[in-house]
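Before any comments, here is the structure.
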Amino acid sequence: MKSLKSLWQRADRRLWVLSILIGFVVTWLVNIVPFINKVERFAVFYLLLYGAFAIWTGFPLQNRRRCWQAFVFPVSFLLAAHLFGPKYSLYFAPAYLAVAYLAWSMVRANRNK
């Protein structure tokens, strides 16, 4: 129990809250709101908004040795996409994880120069 408590103290709470809000709540809203069509959902939300957020998640983790917190957004998105979204949206979760990891590693590489 002590290790779980220390893990939570080291976690970036802002990143967790935003990742869950955008990953689960926004995905749920986008998929149930009737006036957002499939093209807008794909282009605006899945590519632009979530892609930019996946890039942003790598930046707060630049001072961390391990980027396990980058999993929070893709996992919450995957859960919401599985419950509410179309089948093709499940393939975006690994892509968001890859983009977040790439942003994290690029920021760390630039910082170590």
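Table for the structure above
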{"quantity": "Candidate values [x] 1.47; [y] 1.13; [z] 1.85, label of the one derived for Cα Rg over 2.2 N^0.38 Å", "calculated": "[y]"}
{"quantity": "Binned Cα-Cα distance frequencies in the range 17-58 - 5 Å width, integer %", "calculated": "5, 24, 32, 24, 11, 4, 0"}
{"quantity": "Spatial separation of Cα centroids for the range 81-113 and the range 12-69, in angstrom", "calculated": "10"}
{"quantity": "Å² per residue, accessible surface of the range 15-113 at 1.4 Å", "calculated": "59"}
{"quantity": "Expected 222 nm ellipticity per residue - DSSP helices of 4 or more, -39500 (n - 2.57), all of the chain, to 500", "calculated": "-17500 deg cm²/dmol"}
{"quantity": "Carbon plus sulfur fraction of accessible area for the chain, probe 1.4 Å, in percent", "calculated": "70"}
{"quantity": "Check: the chain dipole with +1 on Lys, Arg Cβ and -1 on Asp, Glu Cβ, in debye", "calculated": "640"}
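The values are calculated or read from the model by the stated rules, or taken from the named source; none is laboratory data. Keep in mind the model is a prediction, meaning the values are calculated, not measured. FYI the Cβ positions are ideal-geometry reconstructions off the backbone, even for glycines, and counts take in every protein chain you see. With ligands, DNA and RNA removed, areas are computed over all heavy atoms of the protein, side chains included. Shrake-Rupley method; radii C 1.70, N 1.55, O 1.52, S 1.80 Å.
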